[in-house]
């Protein structure tokens, strides 16, 4: 068995635009888009909108890396949850719902990277599958 890259997703989010949209929606954007764990982590961060923008970029990047491989060609990206590991690196939480979607797409692993610079948050996700030969 070996691994192959099955999909790559990248997304770039303006932190200030994300903050403005959330304020215009009176917090509904962040309330409906992020898990309780993600919202708690955002409150602990030095800049919650920078945190949210990065995590939103992850959700979009996972969708771009994986949705085209699913039978439906789509899924609700709000089920994608990102946690911070003790070393500070991000990790995508594979919930039961996301696991089923990844399984149907033949994806065994999602690798993620997030970076913020100035007003921008960027996430890159690599979808990995196992192959026999």
Checklist entry - Does any residue in the stretch 92-121 that is without any contact (Cβ under 8 Å) to a residue 24 or more places away in the chain and on the phi > 0 side of the Ramachandran plot come within less than 9 Å, Cβ to Cβ, of a residue that is in a strand (DSSP E or B) and buried (at least 20 other Cβ atoms within 10 Å of the Cβ) six or more places away or on a different chain, and which pairs are these? => result none
Item to check | Odd one out for residue 42, checked against (1) closer than 25 Å to residue 6 by Cα; (2) surrounded by fewer than 20 Cβ atoms within 10 Å (Cβ to Cβ); (3) in contact with a helix residue (DSSP H, G or I) (Cβ under 7 Å, 6 or more places away or on another chain); (4) modelled with pLDDT of 95 or more | outcome: (1)
Next on the checklist: Given the options 30, 74, name the one that is surrounded by 14 or more Cβ atoms within 10 Å (Cβ to Cβ), more than 12 Å from the chain's Cα centre (by Cα) and either free of Cβ contacts under 8 Å to residues at least 60 places away in the same chain or not in a loop (DSSP other than H, G, I, E, B) (or both).
Outcome noted: 30
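Which one of 111, 102 is in contact with a strand residue (DSSP E or B) (Cβ under 8 Å, 6 or more places away or on another chain), assigned to a strand (DSSP E or B) and under 19 Å from residue 5 (Cβ atoms)?
Details: 102 fails: assigned to a strand (DSSP E or B).
Just one listed residue meets the conditions, 111.
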Checklist outcome for this item: From the option list 51, 63, 56, single residue qualifying as over 25 Å from residue 106 (Cα atoms) and assigned to a helix (DSSP H, G or I) is 51
Checklist entry - When the residues of the stretch 80-89 are filtered to those that are under 11 Å from the mean Cα position of the chain (by Cα) and crowded, with 16+ Cβ neighbours inside 10 Å, which remaining residue is farthest from residue 32 (Cα to Cα)? => result 82
Next on the checklist: Contact list please: Cβ distance under 7 Å, first residue in the stretch 36-61 and on the phi < 0 side of the Ramachandran plot, second residue assigned to a helix (DSSP H, G or I) and buried (at least 24 other Cβ atoms within 10 Å of the Cβ), pairs at least six apart or on different chains.
Outcome noted: 38/55; 41/51; 42/51; 42/52; 45/51
Checklist outcome for this item: Scanning the stretch 114-133 residue by residue, those surrounded by 13 or more Cβ atoms within 10 Å (Cβ to Cβ) and assigned to a loop (DSSP other than H, G, I, E, B) turn out to be 119
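The values are calculated or read from the model by the stated rules, or taken from the named source; none is laboratory data. Quantities reported herein were computed from a predicted structural model and do not represent experimental measurements. With ideal geometry, Cβ positions are generated from the backbone for all residues, glycine too; neighbour counts draw on all protein chains shown.
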